[in-house]
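Notes follow once the structure below has been shown.
Bear in mind that the values in this text are calculations on the coordinates, not laboratory data. Because the structure is predicted, anything quoted here is derived from the model rather than measured. Quick reminder, even Gly has a Cβ in these numbers, built from the backbone with ideal geometry, and neighbours come from all protein chains shown.
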Amino acid sequence: MRISEYFNKELIVTNLDVKSKEEIFKVLFKKLYDNGFVKESFLDAIIKREKTFPTGLQLNTYNVAIPHTDPEHVIKPAIAIATLSKPVIFKNMANPLEEVNVSIVFMMALNEAHSQVEMLQQMVQLIQNDTLLEKIIEANGGDKIIDIIKNASFTLN
């Protein structure tokens with residue numbers, strides 16, 4: 001299955017102006033919830049998991065965060081995206097004592113535990129491509145981001 005099938009233009013926010021990761025979580029949760037992808041419990045579960053298992057990733061040019069939580073909070077799988085007008089601080093996944101200034105957030109809502117590993121592998125391929133991330137950050141609107149990701153043609157194993 002292609003990773004692009006998990007993205008939906010209704011679940012994408014570009015140039016989001018917020019000051020905290022919790023604000024980002026609320027915005028993306030509302031999109032996922034209003035479109036029937038997650039249960040009401042999803043937001044609290046994401047916030048709780050982020051405190052214990054941070055999701056900020058220090059990369060080459062653009063840092064990202066990939067918040068996600070347990071499958072029981074998900075109705076159907078999707079990935080919501082927020083590009084940020086200015087970076088927001090997340091704790092580093094590799095070293096929780098470090099902070100990472102994140103520019104793009106990919107919030108994963110997956111309803112099967114085994115699919116998280118496969119999806120994370122696909123996300124790693126996507127986020128390691130600086131050119132692709134730059135195009136996503138510069139895009140205005142969900143349709144454009146969907147096109148960029150579809151044209152990158154990543155597939156799930």
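In table form, for the structure just shown:
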| read-out | value |
| --- | --- |
| Qualifying lysines (Cα of each under 30 Å from Cα of Lys48; at least 8 residues distant if same chain) | Lys9, Lys19, Lys21, Lys26, Lys30, Lys31, Lys39, Lys76, Lys86, Lys91 |
| With eigenvalues of the C-alpha gyration tensor scaled by 5 and rooted, segment 3-152, Å | 20, 18, 15 |
| Least to most buried among His114, His68 (fewest other Cβ within 10 Å first) | His114, His68 |
| Stretchable slack from Ile75 to Leu120, in nm (0.36 nm times residue separation minus alpha-carbon distance) | 14.3 nm |
| Whole-Hz couplings from phi, Karplus 6.51/-1.76/1.60, listed for segment 35-45; x for Gly and Pro | 9, x, 8, 10, 8, 4, 6, 4, 4, 4, 5 |
